[in-house]
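Report on the structure given below.
The values are calculated or read from the model by the stated rules, or taken from the named source; none is laboratory data. No experiment lies behind these values; they were computed from the predicted model shown. Reconstructed Cβ throughout: ideal geometry from the backbone, glycine too, with neighbour counts over all protein chains shown. The protein model used for the area step is the full one, side chains on, heavy atoms only, and it has no ligands, DNA or RNA in it. Shrake-Rupley method; radii C 1.70, N 1.55, O 1.52, S 1.80 Å.
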Amino acid sequence: MGIKWRYPALPAALLALALTAATGCDSTPDARPKPTAAPPASVARVCAEPPAGPAKAPAGAVTVDPAVPGDLAVKTKNSPPNTTFWLRPGTHRLEPDRYAQVLPKEGDTYLGAPGAVLDGRRTNQYAFGGTARNVTLRHLTVQGFVAPHNEGVVNHDSADGWVIEHATIQNNSGAGLMAGAHQQVRDSCLRANGQYGMNAYKASGVISGLVVEGNEIVGNNRDDWERRQPGCGCAGGVKFWAVDGADVRGNWVHDNHGPGLWADTNNNDFRIEDNVLEANDGAALIYEASYNAVIRKNTMRRNNWVEGRRHADRGDSFPFATVYLSESGGEPRVEARTHKIEIYRNVLENNWSGITLWENADRFCNSPANTSSGTCTLLVKNTARCVQPAIATAPLYADCRWKTQWVDIHDNRFVLDKSVVDCTVQCDRMAVLANYGTYPDWSPYQGERVAEAITRTQHNRWHDNVYVGPWTFVAHDPSRTLDPGQWQGTPYQQDAGSTFRARDGG
């Protein structure tokens, strides 16, 4: 097995989105073998059923005229902070300059009337930018902007305290929106954006107190960035970077080209609950090089069919999974609402494989294999300390690497019908494993040290789960495939109290 340091999101087949002319979205031929079933009644359906904004301007609001190009930006500039702007029905435009954008002042509120659209006409890069805090957008469609790679259209500069509610952010390049500290994204449609629905990234400082609730996040990464930049790890529904404290709940995350949700590098204290994640080309959820999370009461269906199958067809034996924890675990020294990663009361049905716990033996602070270049763990403030000879002894031997530890997987239901997934091999696995450490030559983690630790001594535990279907298990390294009896027996002793049956009712 070669060095694997992240879940590789490979090119995804194009997806036909059921979008009408009223939304302004394009459709493309569906090359995938699965339709998206109707979601449960409780799931967010906000793209198809967006609530209407106010039909009349609220008292004291500044009215914005769609017939006047740039009217929104000019009136924002000429108004004091804490102004409410009401956008009349119709298509609003900025001046035809790539950098023309709205620069809100602190406390400004933007309300869209029924049918109000802010359209970048594939000319403007950004819709709303600047550093003003506590800005609110409601009932507004934002589309047709061309933000560059890794940049966003709404809240381009990751200002703090923004509230985005009942918005439709669609058909933009880059990310539909960025995120700042204490941002709330509620009941909104993040649809068919070129890279991400949202990129929760802040160039300086930490994003804390992020809420992502009740949104529909669908069809993002239309520009297929993993094909354009293989291995970039830069695609999917939502990407989180260095977010400390996030509640991600009640969202419908589906049909994204790549992963659904991806927390990458020094995230901490996540609660991911009551979401429906389905029919994403890649994993439903990736939690990478991060800490302390509760993942509970989610429904995950038909995820990872495209990417899982592609790897299998290439003969790759790695257990690519629907929930993928890479160098992530519990850590009591990092303050959070939990000191482990707990995965419970979820239903995983007919995905390409289940849960993989992975730790790359060659990924640590100062290693060239550390894809989070220049960063270190939250336990080491001075990255320069992680060198020989100090890294070979306590405490740096443990603290200079992200560790998959204290992961508790229990009371979940795992269902697999291979005839539904249309697979014969490699779609039926749970795994806890690492690679054989080889790199760099000064690494203190060479050999099987990390594989032994993640499998036997880092408190990673499955128990009290229900398995329906022909599940297999991988432990220590990709070459060790186990049946349920071997998985439960010595030396692994996993899934105590769990039940296994070939089919429902069997």
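Rounded, prolate or oblate: which one fits segment 300-353, using the alpha carbon gyration tensor with axes a ≥ b ≥ c (rounded when a/c is under 1.5, else prolate when a/b beats b/c, else oblate)?
Since a/c reaches 1.5 but b/c is at least a/b, the shape of segment 300-353 is classed as oblate.
Measuring from centroid to centroid over Cα atoms, what is the spacing of segment 63-126 and segment 274-344 in Å?
Going from one Cα centre to the other spans 39 Å.
Relative to the Cα centre, what is the charge dipole magnitude of segment 310-370, using +1 at the beta carbon of each Lys and Arg, -1 at the beta carbon of each Asp and Glu, and rounding to the nearest 20 debye?
Here the size comes out at about 120 debye.
Is there a quick way to get the dipole size of the chain? I mean about its Cα centre, with the Cβ of Lys and Arg at +1 and of Asp and Glu at -1; what is the value in debye to the nearest 20?
280
What does the C-alpha gyration tensor say about the overall shape of segment 397-506? Classify as rounded when a/c is under 1.5, otherwise prolate if a/b is larger than b/c, or oblate.
Verdict is prolate for segment 397-506.
I'd like the distance between the alpha-carbon centres of segment 48-62 and segment 376-440, rounded to an integer number of Å.
Each part's Cα centre sits 48 Å from the other's.
How about segment 69-143: which chymotrypsin sites (Phe, Trp or Tyr not before Pro) there lie in a loop by DSSP and see at most 12 other Cβ atoms within 10 Å?
Those satisfying the criteria are Tyr99.
What's the extension gain from Ala502 to Thr438 if we count 0.36 nm per residue and subtract their Cα-Cα distance?
19.0 nm
Just how far, in whole angstrom, is segment 469-494 from segment 158-218 if you go by their alpha carbon centroids?
40
Place a point 7 Å from Cα of Gln229 in the direction of its Cβ. Which residues in segment 145-163 have their backbone N less than 12 Å from it?
148-151
Counting alpha carbon pairs within less than 8 Å and at least 6 residues apart, what relative contact order, in whole percent, applies to segment 379-475? Intermediate values should be presented prior to the final figure.
On the way: 114 pairs, mean separation 36.7, N = 97.
Contact order relative to length: 38 percent.
A 30 angstrom limit on the alpha carbon distance is what I want to check against. Which of Lys77/Lys381; Lys239/Lys403; Lys105/Lys202; Lys105/Lys297; Lys56/Lys297; Lys75/Lys202 exceed it?
Lys77/Lys381; Lys105/Lys297; Lys56/Lys297
May I ask you to derive the FRET efficiency for Asp422 and Val466 from their Cβ-Cβ distance with R0 = 30 Å, giving the value to the nearest 0.05?
So the FRET efficiency works out to roughly 0.80.
Restricting the calculation to Cα positions, tell me the Rg (one decimal) and the Dmax (whole number) of segment 248-360 in Å.
Taking only Cα atoms of segment 248-360, I get Rg and Dmax of 13.5, 42 Å.
At what distance in nm do the modelled label points of Ala392 and Glu273 sit from each other, each positioned 7 Å from its Cα along Cα→Cβ?
Distance between the two pseudo-spin positions: 4.6 nm.
With every protein chain kept in the model, how would you rank Asp504, Asp316 by accessible area, 1.4 Å probe, largest at the top? Show your work: numbers first, answer last.
On the way: Asp504 90, Asp316 35 Å².
Result of the area sort, largest leading: Asp504, Asp316.
Place a point 7 Å from Cα of Asn150 in the direction of its Cβ. Which residues in segment 353-379 have their backbone N less than 15 Å from it?
371-375
If packing is taken as the mean number of other Cβ atoms within 10 Å per residue, what is the order of 191-198, 446-453, 147-154, highest first?
191-198, 147-154, 446-453
Taking the Cα centre of the chain as the origin and placing charges on Cβ (Lys, Arg +1; Asp, Glu -1), which of Ala67, Gln493, Val46 is farthest toward the positive end of the dipole?
Of the listed residues, the answer is Ala67.
Taking the solvent-accessible surface of protein heavy atoms with a 1.4 Å probe, what is the per residue accessible area of segment 190-303 in Å²?
On a per-residue basis, segment 190-303 sits at 20 Å².
Could you work out what % of the accessible surface of the chain is carbon and sulfur, using a 1.4 angstrom probe and leaving DNA, RNA and ligands out of the count?
Result for the chain: 51 percent of the exposed heavy-atom area is carbon or sulfur.
Per DSSP H run of n ≥ 4, the term is -39500 (n - 2.57); total these for the chain, divide by its residue number, and report the mean residue ellipticity at 222 nm rounded to 500 deg cm²/dmol.
Using -39500 (n - 2.57) per qualifying helix, the result is -1500 deg cm²/dmol.
Could you order the peptides 65-73, 461-469 from most to least packed, using the average number of other C-beta atoms within 10 Å per residue?
Values: 65-73: 16.9, 461-469: 19.3.
Answer by packing, highest mean first, reads 461-469, 65-73.
Could you tell me which of rounded, prolate or oblate describes the chain, using a ≥ b ≥ c as the square roots of the eigenvalues of the alpha-carbon gyration tensor, with rounded for a/c under 1.5 and, failing that, prolate when a/b is larger than b/c and oblate otherwise?
prolate
Projecting each Cα onto the charge dipole of the chain (Lys/Arg +1, Asp/Glu -1 at the beta carbon, about the Cα centre), which of His92, Ala192, Phe128 comes out farthest on the positive side?
Comparing the listed Cα positions along the dipole, His92 ranks first.
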